[in-house]
Amino acid sequence: MTEAQKKMRTFYTVWFGQFVSTLGSGLTGFALGVWLYQDTRSVALFALSILAFMLPGVFFSPVAGALVDRFPRRRMMMLSDAGAGLSTLFVLVMLLTGDLQPWHVIVANFFNSLFNTFQWPAYSAATTMLVPQEQLGRASGMVQIGEALGQVISPALAGTIFFVWGLEGVVLIDFITFGVALLTLFIIRIPEPVKKAEPNAAKPSLLAEIRFGWDYIQERKGLFYLLMFFAVSNLITGFMNPLILPMLLEIATADQVGVSASIVGVGMLVGTLVMSAWGGPKRRVFGVLGFSLLAGAALAMLAIVPSLTWVTVFAFIMMSSFPIIGGSSQALWQAKTDPDVQGRVFSVRRMLAQFTAPIAVLLAGPLVDGVFQPAMNEGGALASTLGQWIGTGPGRGVAALFLVIGLLQILVAAVAFANPRLRRVDLEIPNVEVKARPEDAPVAEEELAAAPA
């Protein structure tokens, strides 16, 4: 077996462990969400639990990235999985003692997300060291398969387990899946990159290493513009999560909406399978921008006809586009970023790309309730114009907002295409060279200087 084949086998082992863990987390996320809403009947608390899961990725990503580059990626992944497992164990203990409260779920969501904030850059950087550059697109598609399968399988499976063994059974299975992830990491070795000397970095502080990730991106204008594109795009699509369910419940029954949601989840799975088999276009930036145009068009079409079938078809198309967009972007960043600094760079990238999503969650309700729905009611400001095209009445305010943000997504993708630095990012920025440090190699002087005190 060649060295490249051994590395790919290691990647498949890591992927399997993380996939099992992701599936388990999906079970608990769905079951705890159902428990929280049924116990409190509070939309505000439910939204707060979502925000608790989103915020660590925004605020702690730079710190996580700096630490990931200081320590072995395998150990950081093990620490992250262990921490998230302990958070799940806390929920299980509260359940078994009969003391589980809504605030426990919110706190557990926060810490699960916090440990995931450390796990993601370590996993991404480790993948770069294990997968040949020409296979990075397929590897990114495989990583996203876990998320897609979670959307398809987790709700139904969690509901079955919940019925048979209760919430305790769901959480216990999730805890066991963290053990599987830790076991796979325990039995493999992930090579560490050769570290390059950085100017003025004799003994860099944590703050200096965080700043390094931002400076690295700014110096590469194509990557900087790609990052700004995702920040705007995530703001636009972030309105979807809290709004699509209310819109569907205005035109269909709950069981019909459930079937629709499963079909839409299959769309994401199809996209991940296509990405893992195809690897995306050779010009990866075209995979990002081209399929963003398609997703924007599908998002706008959700609003046109108040029909569950119509919405399901175009939501399927939109969700199948997202894995190709994300996989192409991930492969592009991995190919253009030096392996020894990917922790810092990817964490800053994640923070800036995702900080807009919580803004969308906070704005969605007030925009619909205070602006769009009144305008789309009978006699409203838009009833005689836009209402002639998409209808009026309950749920049409959400539809009008979807039409607006879908058109905005198309405009943003078109503007990005017109930016030569972004359009040519995969041509103007050279691919980095991936070099693994031999296990018995002496530690370089610059690595000693960069090591934590």
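The values are calculated or read from the model by the stated rules, or taken from the named source; none is laboratory data. Given the structure is predicted, the values throughout are model-derived calculations rather than measurements. Here the Cβ positions follow ideal geometry from the backbone for every residue, glycine too, while neighbour counts run over all protein chains shown.
If you filter region 63-75 down to residues that are in a helix (DSSP H, G or I), touching a residue at least 40 places away in the same chain (Cβ under 8 Å) and surrounded by fewer than 24 Cβ atoms within 10 Å (Cβ to Cβ), you find that the one that is farthest from the chain's Cα centre (by Cα) is Arg70. Residue under question is Leu269, and the condition is that it be modelled with pLDDT under 95 and touching a Leu at 6+ places or on another chain (Cβ under 7 Å); does it hold? It is true that Leu269 is modelled with pLDDT under 95 and touching a Leu at 6+ places or on another chain (Cβ under 7 Å). Output the residue which, of all residues in region 298-320 that are surrounded by fewer than 24 Cβ atoms within 10 Å (Cβ to Cβ) and among the hydroxyl-bearing types (Ser, Thr, Tyr), is farthest from Pro246 (Cα to Cα). The qualifying residue farthest from Pro246 (Cα to Cα) is Thr309. Scanning region 388-419 for residues that are part of a loop (DSSP other than H, G, I, E, B) and within 17 Å of Leu302 (Cβ to Cβ) yields a count of 5.
Can you confirm whether Ala383 is assigned by TED's automatic domain parsing to the domain that holds Leu226, crowded, with 20+ Cβ neighbours inside 10 Å and aliphatic (A, V, I, L, M)? Here the answer is no, as Ala383 does not meet what is asked.
Residue selection: Gly222 satisfies the criterion of being modelled with pLDDT of 95 or more, more than 20 Å from Gly85 (Cβ to Cβ) and surrounded by 18 or more Cβ atoms within 10 Å (Cβ to Cβ). May I ask you to verify whether Ala108 is at pLDDT below 90 and either under 22 Å from the mean Cα position of the chain (by Cα) or β-branched (Val, Ile, Thr) (or both)? In short, no.
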